[in-house]
Amino acid sequence: RRRARPPHYKSQERAGGRGPSGAEATGARRAELALPLPCGDPLGGRRGHAGPAAGCPWAGPPAGPAGRHSMLPRHVQRLGRDCITHWNGSQMLTLNSPVSTCMRWAGHYPPWASFPLPIPVDFSTNWRLPPFFAPWRQFQNSNWHLDNYTQSCCFHLPNPSMKSEGEEPLTKKRRLSGQHGASTPDGETNLSNQKEASCLSVAQNEEKRRSKKGTIKRHWEYFCQQSRTMKISENKESDQSNTESEATFDFTVMSYNILSQNLLEDNSHLYKHCRQRLLFWTYRFPNILQEIKQLDADVLCLQEVQEDHYRKEIKSNLESLGYHCEYKMRTGRKPDGCAICFKTSKFSLISSNPVEFFRRDIPLLDRDNVGLVLLLQPRFHCKASAAICIANTHLLYNPRRGDIKLTQLAMLLAEIASVAPQKDGSFCPIVICGDFNSVPGSPLYRFIKEGKLNYEGLAIGKVSGQEQFPRGQRILSIPIWPKKLGISQNCVYEIKQQQKEENAGEKLEGAKLDNTKEIVIASEKLSSKLQHHFKLSSVYSHYFPETGIPEVTTCHSRSAVTVDYIFYSAVNDDTAAQAGAEDSFHGGLKLLGRLALLTEKDLWTVNGLPNENNSSDHLPLLAEFRLVER
């Protein structure tokens, strides 16, 4: 595009000359490169010269000879050309000629802005110079008219990912509204405004059901014994009459990942949406302790319990609330672990059994995750002795190592199978809590609930379902773990399984070899099939029945999903036995109620997790059970 030339240069051309030369030509070229603003250039002179350029309607005397015009900085020169300055952001401001209003630079701009933002204002409003115009401070009170200057000029303005603590990040808004894909700049701006208005309306609606600012109230869901659709309070008499012949014992269990401070600091990128003061342990621990006091569970299953915090604060505070605490720290460098705490007024400890998933002699098991299994005796009088098995674990996070996750789960189930059997050979009621780092419907989740899994041809990255499109195409090996681990495909210790087989074959000693051959052949055929003998149900349904929106147990800057669970061995009220439930249970558990979970949208109305009142990136899960002793 041809640049406009100064008037004195054009007059020499009209006179028939070849144009200036020597010093005059140098001055002309400088004037040409200076590119004065059409409506007056307050920056056109030298540092000591303040005269506006000629031709401006409100300009003073001419600035002097062209040779005295200094060159503007290159980034200012580029503003006069057709250009698009690409900045990191999602909003775009398009300036088309003619411009009826002028632009001023905001004197104060937020820290996330990489460049001062131009703001349209009335022509008479003064503008402030941004920092890079420091040499010409004397023009700070001048008006800069942009008519005929900004033709087809576009500025990409940065948009903050989080304007305030009560507002969602843009990525969360886009995900929640279902907008996936590119849109026009104007569409993006309008869409952002609509989302902000939508978030505001949601926040206003949530205010009605908040007990205090920044808190979303979670309600209890009670279930009828038979249909699980009516509240117990509406049908208590019939419920009691149905269980007159049974000795009952009600208790509550909480599963809570309290977020280790060490892991929080190592993964600070997950908590960019949080105010810094909310992430200090001195702020977080009182909130966590207050949650535990309010929910008042009889059994606590805690994950990511940092060892020094447990030793100095957590254990003593929980003991003052009437809990007895058992703790197992991870075997590696990470100083956190799992804890199970129970009220001594409700239970007594029969045995405590820690499980270490790290095995030095097995390359597959090179991770330091742990589990903990307790056998508790309820403190109530009944016809026969009863026990409850409580297990707690935190499986490996890595989404691409499903082989390790399944092996860790098999080791936990094998320990439960060795602890839970009663004298009559049946299993006592079982509750398994923890952060399984797997989503509902994943192969690992289905294996827990259904009791079986055929993993032939299953990709390692799809075991947990954490990634929708997992990287790599590695397939699970058959078998997944080596034989020297000592755990069979039925998730029991092989030594105890052999003892059971020997006891069962004492009466048929003559046919023992044939039976062994059949067992070996069967195990070879079912080598790609995992099984366990527990009939387990999930306390939570993982989706809200009215809307189908997923429940969420963890929410931070990267994701909001369900990875925490409470599984329990349900009473077999119906005749349809669940697959894998080959062993009978000594009584069972009935789910009486649960503390309702929230949606991702609910959580972002209080700025996700952690926030001012919820000091972990996980929500506590809480369920009430009834032990039925038959």
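Please determine, by comparing only the residues of the range 366-393 that are crowded, with 24+ Cβ neighbours inside 10 Å and of a type outside the set (A, V, I, L, M), which one is farthest from the chain's Cα centre (by Cα). Within the range 366-393, the match that is farthest from the chain's Cα centre (by Cα) is CYS389. Only residues that are among the aliphatic types (A, V, I, L, M) and either open to solvent by 40 Å² or more (accessible area, probe 1.4 Å) or under 30 Å from the mean Cα position of the chain (by Cα) (or both): list them for the range 531-572, please. LEU536, VAL539, ILE549, VAL552, ALA560, VAL561, VAL563, ILE566, listed by residue number.
Please enumerate the residues belonging to the range 341-353 that are surrounded by 17 or more Cβ atoms within 10 Å (Cβ to Cβ) and not in a loop (DSSP other than H, G, I, E, B). Once the filter is applied, which keeps residues that are surrounded by 17 or more Cβ atoms within 10 Å (Cβ to Cβ) and not in a loop (DSSP other than H, G, I, E, B), the range 341-353 yields CYS341, PHE342, LYS343, PHE347, ASN353.
Scan the range 350-376 and report the pairs whose first residue is more than 20 Å from ALA387 (Cα to Cα) and whose second residue is of a type in the set (Lys, Arg) and open to solvent by 10 Å² or more (accessible area, probe 1.4 Å), with Cβ atoms within less than 6 Å and a gap of 6+ or a chain change. The qualifying pairs are LEU365/ARG359; ASP368/ARG330; VAL370/LYS328; VAL370/ARG330.
For the range 394-408, filtered to residues that are among the aliphatic types (A, V, I, L, M) and crowded, with 24+ Cβ neighbours inside 10 Å, the residue that is farthest from SER442 (Cα to Cα) is LEU395. Scanning the range 243-301 for residues that are among the small types (Gly, Ala, Ser) and either at pLDDT below 95 or in a helix (DSSP H, G or I) (or both) yields a count of 3.
Could you count how many residues in the range 302-324 are in a strand (DSSP E or B), touching a Phe, Trp or Tyr at 6+ places or on another chain (Cβ under 8 Å) and open to solvent by less than 30 Å² (accessible area, probe 1.4 Å)? So the count comes out to 4. Of the listed requirements (1) under 25 Å from SER464 (Cβ atoms); (2) under 13 Å from the mean Cα position of the chain (by Cα); (3) modelled with pLDDT of 95 or more; (4) of a type outside the set (Phe, Trp, Tyr), ASN607 misses just one: (1).
Just need a number here: residues in the range 409-449 that are touching a residue at least 60 places away in the same chain (Cβ under 8 Å), touching a Leu at 6+ places or on another chain (Cβ under 8 Å), open to solvent by 10 Å² or more (accessible area, probe 1.4 Å) and charged (D, E, K, R). Going through the range 409-449 one residue at a time, the tally reaches 1. Here the condition is being closer than 16 Å to GLY371 by Cβ and not basic (Lys, Arg); of GLU450, GLU415, it holds for GLU415 alone. Can we say PHE585 is more than 27 Å from the chain's Cα centre (by Cα) and either modelled with pLDDT of 95 or more or more than 18 Å from ASN392 (Cα to Cα) (or both)? Yes, satisfied. Only one of the listed residues (GLY472, GLY461) is farther than 28 Å from VAL539 by Cα, small (Gly, Ala, Ser) and touching a residue at least 24 places away in the same chain (Cβ under 8 Å). That residue is GLY472. So ASP424 clears everything in (1) touching a His at 6+ places or on another chain (Cβ under 8 Å); (2) modelled with pLDDT of 95 or more except one condition, right? Which one? Of the numbered conditions (1) touching a His at 6+ places or on another chain (Cβ under 8 Å); (2) modelled with pLDDT of 95 or more, the odd one out for ASP424 is (2). The residues in the range 450-474 that are open to solvent by less than 20 Å² (accessible area, probe 1.4 Å) and out of contact with any Leu (no Cβ under 9 Å at 6 or more places or on another chain) can be counted, and the count is 1. Among the residues of the range 269-282, those that are farther than 20 Å from VAL561 by Cβ and open to solvent by less than 90 Å² (accessible area, probe 1.4 Å) comprise LEU278, LEU279, TRP281. Of the candidates PHE358, PHE380, the single residue that is modelled with pLDDT of 95 or more and within 26 Å of ALA420 (Cβ to Cβ) is PHE358.
Is it true that some residue in the range 389-398 is of a type in the set (S, T, N, Q) and outside any loop (DSSP other than H, G, I, E, B)? Yes, there is a match, as at least one residue in the range 389-398 is of a type in the set (S, T, N, Q) and outside any loop (DSSP other than H, G, I, E, B).
The values are calculated or read from the model by the stated rules, or taken from the named source; none is laboratory data. It should be emphasised that the depicted structure is a prediction, and the values quoted were computed from it without experimental measurement. Note: ideal-geometry Cβ built from the backbone for every residue, glycine included; neighbour counts use all protein chains shown. We work out accessible area using only protein heavy atoms, side chains counted, and drop any ligands, DNA or RNA first. Shrake-Rupley method; radii C 1.70, N 1.55, O 1.52, S 1.80 Å.
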